[in-house]
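Scroll down for the structure; my scribbles are underneath it.
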Amino acid sequence: MVDTTDTGSRGRRGRDGTNGAQKLGPVEVGRVQRDGGVVPVTARTREGVPVSCPGCGVVSVRVHSRYQRGIKDCAVGGQPVVIELTVRRMFCDQDSCPRRTFVEQVDGLTVRYGRCTPGLLAVLGAVGLALASSAGARLPGCCRS
């Protein structure tokens, strides 16, 4: 993990000319720190990136609103990771589409209605399979697929 802090409010710039945010595909990581026994990662999706409507496939750039999702990820160094990801709710401008708005999804990081990353779900599924159904049945409800 990259240890970076958001320095935009203090006006300092990193070597690359940014305010300290690391760009990872469609996601900008603003802050990673250790907070007690948890590693919270503050991130947001990048502005201006077009998103296809899952209902009709038409590309949209019009933003309806933004909100924050809490997504559990695989542990790092024995510390649980929680990604606090700000995503955009977009308008669908296709008149024939039944969806008026939709939320952007980040491949490999978010799934619709998901509270865990696909990577964490895979790890939990493997643990449940290895330990048989009795131990797998006790997995946290938010992380079962």
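Ranked by how many other Cβ atoms sit within 10 Å of their own Cβ, fewest first, the residues S60, S65, S96 fall in the order S96, S65, S60.
Determine, for V81, V41, V63, the number of other Cβ atoms within 10 Å of each Cβ, and report the residues in order from fewest to most. Don't skip to the end; give the middle numbers.
Details: V81 19, V41 22, V63 15.
By the 10 Å Cβ count, ascending, the order reads V63, V81, V41.
Can you sort F102, F91 from fewest to most other Cβ atoms within 10 Å of each residue's own Cβ? Intermediate results must be reported in sequence, preceding the final value.
On the way: F102 21, F91 16.
Ascending number of Cβ neighbours within 10 Å: F91, F102.
Any read-out appearing in this document is the output of simple, stated calculations on the displayed coordinates, not a laboratory observation. Just so it is clear, the model here is predicted, and its values are computed rather than measured. Neighbour counts run over all protein chains shown; Cβ positions are idealised from the backbone, glycine included.
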